[in-house]
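The values are calculated or read from the model by the stated rules, or taken from the named source; none is laboratory data. From a predicted model like this one, the values you see are computed outputs, not experimental measurements. FYI the Cβ positions are ideal-geometry reconstructions off the backbone, even for glycines, and counts take in every protein chain you see.
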Amino acid sequence: MNARAEIERVFREEYGRAVAVLVRRFGDIDAAEEAVQEAFTAALRRWPVEGPPPGPAGWIITTAVNRAVDRHRRESSRDDRHARAALLHTRDEPAEEGPVRDDRLRLLFTCCHPALAPAARVALTLRLLGGLTTAQIARAFLVPEPTMAQRLVRAKNKIRDARIPYRVPREADLPDRLRSVLAVVYLIFTEGHTASSGDRLGREDLCAEAIRLARLLVGLMPDEPEVLGLLALLLLTESRRAARTGPDGGPVPLADQDRTHWDRGLVAEGQDLVRRCLRRGRPGPYQVQAAINAVHGDAPDAAGTDWRQILQLYDLLLALDPSPVVALNRAVAVAEVDGPQAALSLVDALGGDRAPNRVMDRYHVYHAVRADLLRRLGRDAEAARAYEAAAARTQNAAERAFLQRRRQELLRAR
Amino acid sequence: MKHYLLSIQQPGGGPAAPEVLEPIMRDVEAFNDELRAAGAWVFAGGLHDPASATVVRVRGDEVLVTDGPYAEGKEHVGGLSIIAAPDLDAALEWGRKLARATTLPVEVRPFQGEPGDHLS
């Protein structure tokens with residue numbers, strides 16, 4: 001392996017750990033980032049000449065710590081008060097109980113603290129643990145780079161000024177706080193899976209990053225079934241990547257996918273994780289969603305799917321998370337078990353004027369599901385109108401083209 | 001330690017009826033007792049209605065005094081509590097308790113610097 005490729009590998013795998021270690025040592029996120037970046041710059045200069053060191057990850061951390069110590073010494077003598085004020089709060093940290101926690105776990109909980117805006121949690125996590133540049137994150141979320149830079153600066157300032165702690169929350173707060181961490185990882189994945197706006201259907205880098213973070217979390221918190229459930233859900237969804245986009249770049253629905261293009265390795269890994277986490281007997285929304293996807297992974301085709309089992313899992317999911325979006329997805333399974341008419345009654349009850357805030361009316365998937373059910377019932381004119389409503393409500397160009405094509409097929413068939 | 005301001009966000013529309021207010025005041029007193037017992041109490045107080053406010057501002061060499069609150073809003077600060085806490089999580093825990101006692105939203109905001117820099 002040449003030195004440059006080795007540096008890139010170490011960067012992908014060790015950047016987050018190096019930043020996390022330095023944040024704990026020096027209590028200052030900016031100083032940690034700067035020092036770690038300087039260490040990688042030094043590696044780029046020296047490794048091609050001297051060859052990579054025997055322990056590349058250790059070399060990076062040691063070099064970064066030395067840089068930070070030098071800088072800290074210079075700045076403390078120049079402006080002690082300022083340097084002290086910049087310290088992230090780590091000193092009054094109570095002695096931690098239980099096993100020693102990885103610094104990356106502390107950093108994750110800090111980045112995903114509920115006192116930060118959700119968009120800032122996502123950006124900070126990608127930057128500090130994923131090592132993505134501000135420009136890369138801005139591109140991935142389709143915002144101008146200065147906007148993203150400002151979002152990151154504001155979040156880092158709030159962590160420092162409000163003294164958001166750098167630690168794994170105590171047991172009593174852990175369920176709540178872990179939910180926020182998992183939501184950030186899931187959000188990164190879904191943003192990559194179906195870009196919420198723009199032309200391309202997926203942004204694979206974000207999916208890969210989310211899976212990396214989920215794997216990291218599984219390594220750090222192997223006893224949390226929802227952590228396993230999240231990784232399983234991401235892997236099972238990712239397994240269908242090659243099949244879910246047609247040659248024209250448009251989405252291919254699950255029922256029409258060529259299942260020989262599913263990644264069987266990811267399906268098997270995901271299904272194994274589902275079995276592992278469900279054995280714990282503490283089901284949560286990610287585990288159940290993963291289990292639903294695991295059932296799809298077993299089916300030879302859409303007709304050969306165990307829809308009754310999927311419907312049972314949706315019943316459980318709806319009990320855990322009684323949201324209209326879950327109820328909508330459950331209706332899709334109802335259509336396979338009890339027919340499209342039964343499903344349409346459920347779907348219609350979710351939308352329309354009776355629903356609170358008419359939230360479903362703004363959701364393109366609601367109209368797409370209705371359109372499909374109406375089409376299957378032979379109510380073509382209503383189906384065409386529903387496809388039109390769905391197309392008008394998605395920001396994703398590939399999805400919009402797909403919905404419009406469905407509508408035109410209906411109109412041509414008449 | 002760090003100081004945090006917990007400000008109680010009061011909706012407009014005058015004070016609550018005494019039978020509503022009484023149990024709230026009891027809960028707030030219990031909150032203050034708990035703060036004192038934990039050594040986290042710095043200062044606390046309820047404010048009169050914004051109609052009681054007077055604004056003083058400098059215009060060139062003059063100082064103008066005008067009646068009324070500085071900004072008319074749907075909500076105003078009804079009272080405040082200053083606490084000492086090791087970090088935001090601890091401050092938010094006190095904020096949760098105060099919100100429960102007052103039944104009103106509470107804004108938690110850090111003071112600049114260290115406690116030694118002020119009120120010493």
Filter the stretch B:88-108 down to the residues that are among the charged types (D, E, K, R) and closer than 22 Å to B:Ile24 by Cβ and list them by number. B:Glu93, B:Arg96, B:Lys97, B:Arg100, B:Glu107
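This table checks each residue for (1) in contact with an Asp or Glu (Cβ under 9 Å, 6 or more places away or on another chain); (2) away from every other protein chain (no Cβ under 14 Å); (3) crowded, with 16+ Cβ neighbours inside 10 Å.
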{"site": "A:Leu126", "(1), (2), (3)": "yes, yes, yes"}
{"site": "A:Ala138", "(1), (2), (3)": "yes, yes, yes"}
{"site": "A:Arg151", "(1), (2), (3)": "no, yes, yes"}
{"site": "A:Ala162", "(1), (2), (3)": "yes, no, yes"}
{"site": "A:Asp176", "(1), (2), (3)": "no, no, no"}
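So which residues in the stretch B:30-54 are part of a helix (DSSP H, G or I) and of a type in the set (Asp, Glu), if there are any at all? Walk me through how you get there before you give the answer.
Our first condition is that a residue be part of a helix (DSSP H, G or I); within the stretch B:30-54, this holds for B:30-37, B:50-52.
Result: B:Asp33, B:Glu34.
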Are any of the residues in the stretch B:84-105 part of a strand (DSSP E or B) and within 14 Å of another protein chain (Cβ to nearest Cβ)? yes
Among the residues that make up the stretch B:64-75, is at least one of them under 19 Å from the mean Cα position of the chain (by Cα) and either in a strand (DSSP E or B) or crowded, with 18+ Cβ neighbours inside 10 Å (or both)? yes
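Are any residues in the stretch A:128-173 touching a Pro at 6+ places or on another chain (Cβ under 7 Å) and either among the basic types (Lys, Arg) or within 26 Å of A:Arg12 (Cβ to Cβ) (or both), and if so, which ones? Break it down stepwise before answering.
As a first pass, look at the stretch A:128-173 and keep what is touching a Pro at 6+ places or on another chain (Cβ under 7 Å): A:138, A:161-163.
Within the stretch A:128-173, A:Ala138, A:Arg163 meet the criteria.
Which one of A:Ala172, A:Ala155 is of a type in the set (A, V, I, L, M), in contact (Cβ under 8 Å) with a residue 12 or more places away in the chain and either surrounded by 13 or more Cβ atoms within 10 Å (Cβ to Cβ) or within 14 Å of chain B (Cβ to nearest Cβ) (or both)? Full working, then the answer.
Working: A:Ala172 fails: in contact (Cβ under 8 Å) with a residue 12 or more places away in the chain.
Residue meeting the stated conditions: A:Ala155.
Condition test on A:Ala331, is it of a type outside the set (Ser, Thr, Tyr) and more than 27 Å from A:Ala303 (Cα to Cα)? Explain how you work it out, then say what you get.
Numbers: of a type outside the set (Ser, Thr, Tyr): yes; more than 27 Å from A:Ala303 (Cα to Cα): no.
No, not satisfied.
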Starting from residues that are exposed (fewer than 13 other Cβ atoms within 10 Å of the Cβ) and over 18 Å from B:Ala51 (Cβ atoms), keep the ones in the stretch B:1-20 and report whichever is farthest from the other protein chains (Cβ to nearest Cβ). B:Pro18
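Considering only the stretch A:253-284, state which residues are among the hydrophobic types (A, V, I, L, M, F, W, C) and surrounded by fewer than 17 Cβ atoms within 10 Å (Cβ to Cβ). Break it down into steps so the answer makes sense when it comes.
The initial filter retains those residues of the stretch A:253-284 that are among the hydrophobic types (A, V, I, L, M, F, W, C), namely A:254-255, A:262, A:266-268, A:273-274, A:277-278.
Within the stretch A:253-284, A:Leu254, A:Ala255, A:Ala268 qualify.
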I'd like to verify a number: residues in the stretch B:35-53 that are touching a helix residue (DSSP H, G or I) at 6+ places or on another chain (Cβ under 7 Å) and either without any contact (Cβ under 8 Å) to a residue 24 or more places away in the chain or over 13 Å from B:Ala84 (Cα atoms) (or both), how many? 0
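How many of the residues making up the stretch A:359-405 are among the aromatic types (Phe, Trp, Tyr) and within 18 Å of A:Pro340 (Cβ to Cβ)? Step through it out loud before you land on a result.
First, pick out the residues of the stretch A:359-405 that are among the aromatic types (Phe, Trp, Tyr): A:363, A:366, A:387, A:402.
With within 18 Å of A:Pro340 (Cβ to Cβ) added as a condition, the list becomes A:366, A:387.
The total comes to 2.
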Identify the residue in the stretch A:32-60 that is buried (at least 21 other Cβ atoms within 10 Å of the Cβ) and more than 27 Å from the chain's Cα centre (by Cα) and, among all such residues, is farthest from A:Lys158 (Cα to Cα). A:Ala43
So for the stretch B:25-35 (the condition being at pLDDT below 90 and within 30 Å of B:Asp89 (Cα to Cα)), does at least one residue qualify? no
